[in-house]
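Accompanying notes for the structure given below.
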Amino acid sequence: MGKKYFTLSFDDGLEQDKRVIRLMRQYGLKGTFNLNAGLFGTRGEVKGLGTFSFQDCPEGVKHKWPFSYVQHNRIPLDEVCQVYEGMEIATHGFRHEPLGAVSEDEMRASVDADKAALEKIFGTTVVGHAYAQGSTSPAVQAYLKAQGYQYARVVFPTGGFAFPDDPLNFRPSSSLILKNAVKLVERFKREEPGEKDLLLFLWAHSYEMDYEKGNASWYALERLFESIAGRSDIVYCTNSEAFAHI
Ligand SMILES: [Zn+2]
């Protein structure tokens, strides 16, 4: 009989990760944070893209418009060890390089610098990567494999619960900001594993929870966490822990 694994990942090392991690700890969830060691503490803004609350929220929480720019501030180096304690740390490009689109030398330098810096800062061995902008190639995957990586995450969702055939092309089940995420959680709770293990893998950027005014997406995120938490038939784990058994 297979087992059911639930994991999360968040990219870019943002200030909003602190709020996500508070919720994850509150509900006993674990996950992986994909960090750019060359960008710690950098500050910026990104434009909100649309309505991303993924379930109905009560009046007063929901506020559909207007959207504006949201903060994209990365956590400074002197805070990261404390913030991410207990979570897995993975690489995401030293300065967020799209590895499949840069030269081979730049690709290798980006991976090497990010991996070395994160391993030194956190005192762990990095075995996972998330492709910045989802950008990858066979050469990138071969290099990651040669450097001891066990998995690397792309962006395009599967909408399902299968472990990937190719761990260096690790597709998540869904983004957290798609309405489908809530449906997948409900399906996953009902699903009986057969011979094969099942994996529900949801990802996002924590700043995306700020797109919608009035905390609607944060509210929806907490309801999703609450909905999946505390079940004896689900293993709550980081990305690499989910892979450890295969
Ligand atoms: Zn990113």
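The values are calculated or read from the model by the stated rules, or taken from the named source; none is laboratory data. Computed from a prediction, not measured in an experiment: that's the story for all the values here. Because the Cβ atoms are built from the backbone with ideal geometry, glycine has one as well, and the counts that use them run over all protein chains shown. Side chains included, ligands, DNA and RNA excluded: accessible areas come from the protein's heavy atoms. Shrake-Rupley method; radii C 1.70, N 1.55, O 1.52, S 1.80 Å.
Look at the stretch 205-240 and say how many of its residues are under 30 Å from Thr124 (Cβ atoms), in contact with a Ser or Thr (Cβ under 6 Å, 6 or more places away or on another chain) and not in a helix (DSSP H, G or I). Working first, answer last.
The first filter runs over the stretch 205-240 and keeps only residues under 30 Å from Thr124 (Cβ atoms), leaving 205-210, 218, 221-222, 224-226, 228-240.
Restricting the remaining residues to those that are in contact with a Ser or Thr (Cβ under 6 Å, 6 or more places away or on another chain) gives 209, 237-239.
With the extra rule that they be not in a helix (DSSP H, G or I), the set shrinks to 237-238.
Here the count works out to 2.
Leu49 passes all but one of (1) modelled with pLDDT of 95 or more; (2) within 15 Å of the ligand (Cβ to nearest atom); which number fails?
(1)
When you scan the stretch 117-129, how many residues do you find that are part of a helix (DSSP H, G or I), away from the ligand (no atom under 16 Å from the Cβ) and either open to solvent by less than 40 Å² (accessible area, probe 1.4 Å) or touching a residue at least 40 places away in the same chain (Cβ under 8 Å) (or both)?
Step one: list which residues in the stretch 117-129 are part of a helix (DSSP H, G or I), which gives 117-122.
Then keep just the ones that are away from the ligand (no atom under 16 Å from the Cβ); that gives 117, 119-122.
Filter again for either open to solvent by less than 40 Å² (accessible area, probe 1.4 Å) or touching a residue at least 40 places away in the same chain (Cβ under 8 Å) (or both), leaving 117, 121-122.
Qualifying residue count for the region: 3.
Looking at the stretch 76-116, which of its residues are in contact (Cβ under 8 Å) with a residue 12 or more places away in the chain, more than 30 Å from Met24 (Cα to Cα) and part of a loop (DSSP other than H, G, I, E, B)?
Gly100, Ala101 - these are the residues of the stretch 76-116 that are in contact (Cβ under 8 Å) with a residue 12 or more places away in the chain, more than 30 Å from Met24 (Cα to Cα) and part of a loop (DSSP other than H, G, I, E, B).
Would you pick out the residues in the stretch 87-116 that are within 14 Å of Ala37 (Cβ to Cβ), away from the ligand (no atom under 15 Å from the Cβ) and not basic (Lys, Arg)?
Within the stretch 87-116, Ala109, Asp112, Ala113, Ala116 qualify.
Which members of the stretch 130-164 meet the condition of being within 12 Å of the ligand (Cβ to nearest atom), open to solvent by 40 Å² or more (accessible area, probe 1.4 Å) and either part of a loop (DSSP other than H, G, I, E, B) or among the charged types (D, E, K, R) (or both)?
Val155
Out of (1) under 17 Å from the mean Cα position of the chain (by Cα); (2) over 18 Å from Ser240 (Cα atoms), what's the single condition that is false for Leu29?
Of (1) under 17 Å from the mean Cα position of the chain (by Cα); (2) over 18 Å from Ser240 (Cα atoms), only one is false for Leu29: (2).
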